[in-house]
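The values are calculated or read from the model by the stated rules, or taken from the named source; none is laboratory data. This is a predicted model, so every value here is computed, not measured. Note: ideal-geometry Cβ built from the backbone for every residue, glycine included; neighbour counts use all protein chains shown. The accessibility values were calculated without ligands, DNA or RNA, using every heavy atom of the protein model including side chains. Shrake-Rupley method; radii C 1.70, N 1.55, O 1.52, S 1.80 Å.
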Amino acid sequence: MFSLVQGLVQSAQERPIRRVIMLGEEQCGKTTFLEAAKGLFDGGDPLKPEQIRPTVGLNVGKLKVKQVAVLLWDLGGKSSLRSIWDRYLDHAEGIIFVIDATNETQFLQAKVTLRSILARESMKDRPLLVFVNKQDVQNDSNFPQQQQQQQQQPQSS
């Protein structure tokens, strides 16, 4: 009888698990984002940026956000690793797409990549967060400002 009650209590206390996939071009900061989120939501000691190595395959983070458990899949962005994206996209309940604001070539490629992801039928009605990373990094380019100005200008036909 006690084990039945204990099982009922445990079942009532379980949090729903939300599966979120984090994608983006290589070295855009996905794993750094994951480590920061683990520190913020779990209170642990995240890896320092200089300790983070390029992802080969995936990293997984389990976070507690209020009353929800979040399973965050950080998938490698290298083009040779993209074949594993399909295995996770169909099971993800949300997407975080990370973009490197300091790399113009990757920024433009990220646009193409994101469009191809969103064109999938399985992505319809899925929440999406586009996180433009590294905006605080000093570089000689004024690319992010140029991109923002171009998007604010009316399109001519």
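For region 52-90, chymotrypsin sites (Phe, Trp or Tyr not before Pro) are listed when DSSP marks them as loop and at most 13 other Cβ atoms sit within 10 Å of their Cβ; the list is empty. When the solvent-accessible area of region 14-130 is split by element, carbon and sulfur atoms take up 52 percent of it, the probe being 1.4 Å.
Per-residue Karplus couplings for region 113-129, computed as 6.51 cos²θ - 1.76 cosθ + 1.60 with θ equal to phi - 60°, are listed in order as 4, 4, 4, 5, 5, 6, 6, 5, 4, 5, 8, 4, 6, 8, x, 9, 10 Hz, Gly and Pro entered as x. Under 5 Å from the amide H of PHE131 lie the amide H atoms of PHE97, VAL98, ILE99, each residue being 5 or more positions distant or on a separate chain, with H modelled from the backbone and absent for Pro and chain starts.
Each residue of region 57-71 is assigned a 3J(HN,Hα), and the resulting list reads x, 8, 10, 10, x, 10, 10, 10, 10, 6, 9, 10, 8, 10, 9 Hz, derived from the Karplus form 6.51 cos²θ - 1.76 cosθ + 1.60 (θ = phi - 60°), x at Gly and Pro. Using a Förster distance of 25 angstrom, determine the FRET efficiency expected from the C-beta separation of HIS91 and LYS48, and round it to 0.05. In this case the efficiency is close to 0.20.
For ARG19, the accessible area of its heavy atoms, probed at 1.4 Å with every protein chain present, is near 90 square angstrom. Label sites at LEU81 and ARG120, each approximated as a point 7 angstrom past Cα along Cα to Cβ, lie 1.6 nm apart.
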